[in-house]
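Worksheet: one structure, shown below.
The values are calculated or read from the model by the stated rules, or taken from the named source; none is laboratory data. Owing to the predicted nature of the structure, the values given are computational and were not obtained by experimental measurement. All Cβ positions, even for glycine, are placed from backbone atoms using ideal geometry, and neighbour counts span all protein chains on display.
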Amino acid sequence: MIYSGSFADINNKVYKVTITTNSGNQTKTVTLGGKPFVTEMDSDDKVIYCPVKYQTATVSIITPDYNFDIYSPKA
Amino acid sequence: MGFVEEREEVEIECIDALSTLQYIKYSTQSKDIVSFLYLIRKLLQNCNAYKNFYVSNNIQFQKNGTATVLDKLYISEENFFDKKEDNEVDEDVAWTMQEVLEEICQYLGLTAVADGDSVYFLDYDAIRHGRNSYYKYSVDDDSAPTLETISFSKTIKAEDYSESGATLSLDNVYNKVSVQADLYTFDSVLPDLFSNLQNITKDYDEQITIPQQTGFDTGMYGTFVKSKIGGDNSDNTNAIGVVVKPMEVKDPDIIVVKYYNSPAYRFFKYDSNGRDITDSVKGLNYTDTMFMCGATAAKFFVKRGKDFYLGNSNSEIFDNLLSFNDVNKIDFTNYIMFINPFGSTTPVSNHIPNSAITQYPFLETTMNDTALVFGGENSYIVISGSIMFHEFNYYPYPVSKYWLGNSGTMRAGEGYLLCKLKWNNLFWNGTKWTESESTF
């Protein structure tokens, strides 16, 4: 399943969020939440010279379904 | 996580592929002495996400050199396994691939950052001095690297980030910037329904304060209480205690109630002829609400009790009933009560049929329209809450669950709220503001 949702930034530029899972190629449109897509870079270290900087993203969707296939390391 | 509402807002956490290395143990067929290039390639292949990696060519063996160094630096894989105790195997003592990567980066003085399908091994000192040459390697094959120039500069302007929770900090080091855009976070568009309420509970109700004879088998009785906590002498702190026996059975519902108005909302009320009498209603008691058609904010305490009737006055009887039922504390719950009674009893029924509901609003905000307009593409406005419905005529309170049974089941066409969202002269139709009225 391919979950696809979009949101616009402050300049009305549209961004598309796509989550691809292992359960087929059918496409499903989802509605993103109030904080649709937030990225964060690891900034725990107080110094710039950390060896690796990891990044995370949080996608918020409003859904009536469980969408279990999203909760997979391969999604 | 539990799913409670029909639609839930679900947050999905994603991590970059570099982060997955923390879950993979370093493994090897034989612990050889391998090059840094071999090691980095092996680690990034396990991410299964990257095609290329770039390494700053600032590290050289010779002054002003430009050669690649990763293929000339070697290390033993033995370093990535701790000492084994008895009965332990390599897998038990192996480092994670994340630890290996971090050690390599620490040794080289580089910082690994993923972007798209590539990983960049950055040398901040080199960047600071304008050295922006990188060797581009392929993750999946041994092809010779190519030398490329990569640089990026950004002038941070006001429109690059927004308020509403955004933080922007810039330390002395130029890369220590964290920005979290939080553009559309209207947590609450409408004012709180239960803030700044004004108590309009009357201090009299002839119907419920009529002295009872001996016990009571039907109907109700009640008394009045005044809160001793909060407010000054001019504040209305009235509350009404009522004992009601729905369906005229033995055990009663014990109710304590207070009625309110709100400066942010208008709770409409209509007489039996459908006339708006909202402004003429200055106070409410329990009997008023039995024959009322409209809405009010209220705080209720309801408990189904055991019948006990003893005392010389309604107040005394009520106190004794509370004591008998071990009620020594009254906790109120906020409600918005919508009443639309039906039936042919006196007074004449003023039930508003479904076909006419759009002409008789029950609840409306009194907000100033000059605030900023919200909404737009991809906006999703949710009206959420819980609803309790019952069809017991002339019992204007949230009856205890004992009485609901099947009668409390909401049937199609009953117990729904028709809403519309209007801002100035525009109506929200679910996706945008229009001049045509839309209801939900």
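For the reader, a short list of remarks on this structure follows.
- Restricting region B:19-48 to residues that are among the aliphatic types (A, V, I, L, M) and crowded, with 17+ Cβ neighbours inside 10 Å leaves a set whose member that is nearest to residue B:119 (Cα to Cα) is B:44.
- Of all residues in region B:87-109, those satisfying the criterion of being within 27 Å of residue B:59 (Cβ to Cβ) and acidic (Asp, Glu) are B:99, B:102, B:103.
Okay, residues lined up against (1) closer than 23 Å to residue B:35 by Cα; (2) not aliphatic (A, V, I, L, M):
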position	(1), (2)
B:83	yes, yes
B:90	yes, yes
B:93	yes, no
B:112	yes, no
B:116	no, yes
B:121	yes, yes
B:127	no, no
B:141	yes, yes
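- Answer residue from region B:273-288, given it is among the charged types (D, E, K, R) and part of a loop (DSSP other than H, G, I, E, B) and is surrounded by the most Cβ atoms within 10 Å (Cβ to Cβ) among those: B:275
- Considering region B:1-18, and only residues there that are touching a residue at least 12 places away in the same chain (Cβ under 8 Å) and buried (at least 16 other Cβ atoms within 10 Å of the Cβ), the residue that is farthest from the other protein chains (Cβ to nearest Cβ) turns out to be B:17.
- Which numbered condition residue B:66 misses (of (1) closer than 30 Å to residue B:150 by Cα; (2) touching a residue at least 40 places away in the same chain (Cβ under 8 Å); (3) surrounded by 12 or more Cβ atoms within 10 Å (Cβ to Cβ)): (3)
- Restricting attention to region B:83-105, the residues that are small (Gly, Ala, Ser) and either at the interface with another protein chain (Cβ under 9 Å from one of its Cβ atoms) or touching a Pro at 6+ places or on another chain (Cβ under 6 Å) (or both) add up to 0.
- When restricted to residues that are surrounded by fewer than 22 Cβ atoms within 10 Å (Cβ to Cβ) and either of a type in the set (Lys, Arg) or free of Cβ contacts under 8 Å to residues at least 12 places away in the same chain (or both), region B:250-268 contains 2.
- Scanning region A:1-15 for residues that are assigned to a strand (DSSP E or B), away from chain B (no Cβ under 11 Å) and not β-branched (Val, Ile, Thr) turns up just one, A:4.
- Residue B:380, sole failed condition from (1) surrounded by 15 or more Cβ atoms within 10 Å (Cβ to Cβ); (2) at pLDDT 75 or above; (3) part of a loop (DSSP other than H, G, I, E, B): (2)
So that you can scan it fast, the table gives a plain yes or no per residue for (1) modelled with pLDDT under 85; (2) more than 13 Å from chain A (Cβ to nearest Cβ); (3) over 30 Å from residue B:69 (Cβ atoms):
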residue: B:107; (1), (2), (3): no, no, no
residue: B:122; (1), (2), (3): no, no, no
residue: B:139; (1), (2), (3): no, yes, no
residue: B:147; (1), (2), (3): no, yes, no
residue: B:170; (1), (2), (3): yes, no, yes
residue: B:176; (1), (2), (3): yes, no, no
residue: B:181; (1), (2), (3): yes, no, yes
residue: B:186; (1), (2), (3): yes, no, yes
residue: B:194; (1), (2), (3): yes, yes, yes
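- Residue satisfying all of: in region A:1-60; of a type outside the set (S, T, N, Q), in contact with a helix residue (DSSP H, G or I) (Cβ under 8 Å, 6 or more places away or on another chain) and modelled with pLDDT of 85 or more; farthest from residue B:126 (Cα to Cα) among these: A:3
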